[in-house]
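Data block below; observations after.
Read-outs throughout are calculated quantities, based only on the coordinates presented, and are distinct from any laboratory measurement. From a predicted model like this one, the values you see are computed outputs, not experimental measurements. FYI the Cβ positions are ideal-geometry reconstructions off the backbone, even for glycines, and counts take in every protein chain you see.
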Amino acid sequence: MQIGSMKSYRIYSIDDRGSICGDRTIDAPNDEEAVFAARSMQRPLDTEVWLRDRRIGKIPAHRG
């Protein structure tokens, strides 16, 4: 779903086996902002950012 100039991105948490174990949707104006927002979530698992069928980025697990 697209609202104005915002795009809806899917944020997936990936477990050690490579399976999706959590997801959520965020709205961002562009790919860079979506990755920035996902990175700031500091998730304990690897995270992937997707826009429809295109992977935008992969963020390593936050260990800290």
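Largest first, the three principal axis extents of the alpha carbons in the stretch 2-59 are 37, 22, 15 Å in whole numbers. Counting only Cβ charges, +1 for Lys and Arg and -1 for Asp and Glu, the dipole size of the chain around its Cα centre is about 60 debye.
Neighbour counts of C-beta atoms inside 10 Å place Lys7, Lys58 in the sequence Lys58, Lys7, starting with the fewest. For the chain, the longest principal axis of the alpha carbon atoms and the long axis of helix 31-40 meet at an angle near 40°. Ranked by how many other Cβ atoms sit within 10 Å of their own Cβ, fewest first, the residues Val35, Val49 fall in the order Val35, Val49.
Here's how it looks for His62: its modeled amide H is under 5 Å from those of Arg43, Leu45, which are all 5 or more places away or on a different chain. When Ile20, Ile56 are arranged by Cβ crowding within 10 Å, least crowded first, meaning fewest neighbours, the order is Ile20, Ile56.
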